[in-house]
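Read the structure below first, then the notes.
The values are calculated or read from the model by the stated rules, or taken from the named source; none is laboratory data. The structure presented is a predicted model; accordingly, all values stated were derived computationally and were not measured. Cβ: placed from backbone, ideal geometry, glycine included. Neighbour counts: every protein chain shown.
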Amino acid sequence: MDDKIKILLVEDDPNLSMVLQDYLELMEYEVVLARDGQQGLAFFDKEKADLVVLDIMLPKLDGFSLATQIREVTPYVPIIFLTAKSMKEDRLKGFQLGCDDYITKPFSTEELNLRIKAILRRCLKDNTRMPDDHEETFMIGIFTFDPKNMVLHSDFGDQTLTRKEAALLKLLCENANKLLTREEAQQKIWGDSDYFIGRSMDVFIVKLRKYLKDDPHVTITNVHGTGFKLEIK
């Protein structure tokens, strides 16, 4: 069926990849399987998947490098990392690269399916598969923010945002000059809140401040221990 969700699965373990592919196809997803990072990138360029599930420890091109290159091509595609590692640094790096979820092996196929469904509910509305013709634009000082196309316009040029950057900036705009709590932002954008997601959100706040730095009348301030406020003077 043409309306099936297409998942790119990048996993070099032949047994695990076979189990995951069979299960996901049983759940009526279309699955494209790649055995290494380079093949995964080639398949993504060709297939334009709706969601990517990839291992971190991959031959030829590791999962972090693959995710970075995928993000350069399509900023909004959801990414789930699979890993046998439980290192804090790996989880932080994954979230800072913009992954949508992180599953540590071993895990159940049912858990993976539930996480995929949760991500698709949150993310596909931002994808061109589900356009919103009524998406409003926001004036932020000298900037015009187009959340639908994830672009920040100004006389200095256009800045294309990632899906999470755009979602976070939109929430800030909707609460302009008011407090946006960390919990609300994390739940609406990541669907969860924990230490790693909080650290990831801090990275995105830093990036948004950089994009808005050309207007001194626009600031994103920290409200200590509570959240953030987009102040437009």
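Considering each residue of region 1-22, count those that are closer than 11 Å to residue 34 by Cα and of a type in the set (Asp, Glu), and give that number.
Total satisfying the criteria: 3.
I'm trying to understand the selection: among the residues of region 190-202, which are assigned to a helix (DSSP H, G or I) and either at pLDDT below 85 or more than 11 Å from residue 164 (Cα to Cα) (or both)?
Step one: filter region 190-202 for residues assigned to a helix (DSSP H, G or I), giving 195-202.
The answer is 195, 196, 197, 198, 199, 200, 202.
Condition first: within 19 Å of residue 77 (Cα to Cα), in contact (Cβ under 8 Å) with a residue 60 or more places away in the chain and of a type in the set (A, V, I, L, M). Now tell me which residues in region 1-57 satisfy that.
5, 7, 24, 51, 53
For region 25-73, how many residues are in contact with a Gly (Cβ under 8 Å, 6 or more places away or on another chain) and in a loop (DSSP other than H, G, I, E, B)?
Going through region 25-73 one residue at a time, the tally reaches 7.
State which residue pairs qualify: first residue in the same structural domain as residue 226 (by TED's automatic domain parsing) and at pLDDT 90 or above and inside region 161-185, second residue β-branched (Val, Ile, Thr) and part of a loop (DSSP other than H, G, I, E, B) in any location, beta carbons under 8 Å apart, and separation of 6 or more residues or different chains.
Hits for this filter: 179/226; 181/226; 182/226.
Out of region 133-178, which residues are in a helix (DSSP H, G or I) and surrounded by 16 or more Cβ atoms within 10 Å (Cβ to Cβ)? Please lay out each step first, then the result.
Pass one, region 133-178, residues in a helix (DSSP H, G or I): 163-174.
163, 164, 165, 166, 167, 168, 169, 170, 171, 172, 173 - these are the residues of region 133-178 that are in a helix (DSSP H, G or I) and surrounded by 16 or more Cβ atoms within 10 Å (Cβ to Cβ).
How many residues are more than 17 Å from residue 113 (Cβ to Cβ) and acidic (Asp, Glu) if we restrict to region 1-39?
Qualifying residue count for the region: 5.
Could you tell me whether any residue of region 100-118 is within 17 Å of the chain's Cα centre (by Cα), within 18 Å of residue 186 (Cα to Cα) and modelled with pLDDT under 80?
yes
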